[in-house]
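In what follows, a structure is listed as structure tokens, so that the remarks can point back to it.
Computed from the coordinates by the stated procedures, all read-outs in this text should not be read as laboratory data. Please read these numbers as outputs of a predicted model, since none were measured by experiment. Here the Cβ is made from the backbone with ideal geometry for all residues, glycine too, and neighbour counts use every protein chain on show.
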Amino acid sequence: MATETPPHWLHPRDIAQARAAQAEMAALLVAEDDLPSAPRRLGGADVSNTRFDPAKLVHAALVTLDADGAVLAQASETRRADFPYVPGYLGFREVPALAAAWSRLAVMPDVLLVDGQGTAHPRGFGMACHLGLVLGVPTIGVAKSLLVGGGEPGPAPGDTAPLLWKGRRIGMALRTRRGAKPLYVSIGHRVSLATAVSIVLAATGGRRLPRPIRAAHDAANDARRGCQAAEDLRSE
DNA sequence: GCGACAG
DNA sequence: ATCTTGTCGC
């Protein structure tokens, strides 16, 4: 797995090359469990953006939580996005910064929950797959809305419904909280869908989003605000 | 050709 | 993703 990373896997010159890179990478994904058994250290990954930002900065953050949900470590990386936001190619915009942050994370998690799709993607290669493959780490895609496909779970927490697209099961729609929109869980890398759903559900502290995702979101926002504060001081 | 479209 | 207060409901 974690061998070398061809340049175009992180920095394709255009959409055509990005699409080809996704096909190359998708062929290397592992869809079976290849991670420690519980209790596990769960990681979270997310990116924050500033609207109308001419510098096009992406603030990426990673966090590692212990079995009780306490933050054991966190790392963030801010850099200019060298790829635009294009639905279906989010990995090329966010993975480079996340990978940089990963190298500075003091405590490695056993599995990483990524804010975005895994295999619930037009070509079966969402950003959770992208990040997992580049890092060689088990990842789970946790999306708040759909990119492709559909599926409506029952109203009770824990209810699921297959996320179907073109006759294929690409993930699972999961109700994590009554009255809240479902989450769309899919495989990233080195984990099975059943395990992914189990982990996400267990990490929900009565909230809609699993703890690692919330913590990563907070960390990414902190990184963004920190940069904003620095910019403000510079211009005064 | 007409919509849809993770973050 | 981001801009934002109050407000409805458990």
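Sorted by packing (mean other beta-carbon atoms within 10 Å per residue), highest first, where do A:147-157, A:126-136, A:212-222 land?
A:126-136, A:212-222, A:147-157
Just subtract the alpha-carbon distance of A:THR5 and A:ARG19 from 0.36 nm times their residue separation and send over the number in nm, one decimal.
3.4 nm
Checking the cross-link filter: which aspartates and glutamates have an alpha carbon closer than 19 Å to that of A:LYS144, excluding same-chain neighbours under 8 positions apart?
Those aspartates and glutamates meeting the cut-off are A:ASP46, A:GLU94, A:ASP115, A:GLU152, A:ASP159, A:ASP218.
Would you mind calculating the gained length between A:LEU164 and A:ALA194 on full extension (0.36 nm times residue separation, minus the Cα-Cα distance), in nm to one decimal?
9.3 nm
Around A:VAL137, what is the net charge, scoring Lys/Arg as +1 and Asp/Glu as -1 over all other residues with Cβ under 12 Å from its Cβ?
Overall, the nearby charge balance is 0.
Which residues in the stretch A:20-51 place their backbone N less than 16 Å from a point set 7 Å from the Cα of A:ARG123 along the Cα-to-Cβ direction?
So the set is A:20-29.
Quick one: grab the alpha carbon gyration tensor of the stretch A:49-119, order the square roots of its eigenvalues as a ≥ b ≥ c, and give me rounded if a/c is under 1.5, else prolate or oblate depending on whether a/b is larger than b/c.
Since a/c reaches 1.5 and a/b is larger than b/c, the shape of the stretch A:49-119 is classed as prolate.
Let me check the size of the stretch A:134-191 from its C-alpha atoms; what are the radius of gyration and Dmax in Å?
Spelled out, the Cα radius of gyration and Dmax of the stretch A:134-191 are 11.9, 36 Å.
Each residue of the stretch A:49-59 in turn: what ³J(HN,Hα) in whole Hz from Karplus with 6.51, -1.76, 1.60 and θ = phi - 60°, glycine and Pro shown as x?
Coupling constants for the stretch A:49-59: 10, 10, 6, 6, 8, x, 7, 6, 7, 10, 10 Hz.
Could you tell me which of A:GLY124, A:GLY205, A:ALA216 has its Cα farthest along the dipole of the stretch A:84-225 towards the positive end, charges placed at Cβ (Lys, Arg +1; Asp, Glu -1), taken about the Cα centre?
Looking along the dipole axis, the top candidate is A:GLY205.
In nm, to one decimal, how far is the A:ASN49 label point from the A:ASN221 one, both placed 7 Å along Cα→Cβ?
The two pseudo-label positions are separated by 1.8 nm.
Where in the stretch A:109-131 is the amide nitrogen less than 20 Å from a point lying 7 Å along the Cα-to-Cβ axis of A:ASP66?
What the label zone holds, given the 20 Å backbone N cut-off, is A:109-113.
Which whole-percent values make up P(r) of the stretch A:30-234 when all C-alpha to C-alpha distances are grouped in 10 Å steps starting at zero?
10, 37, 36, 14, 2, 0
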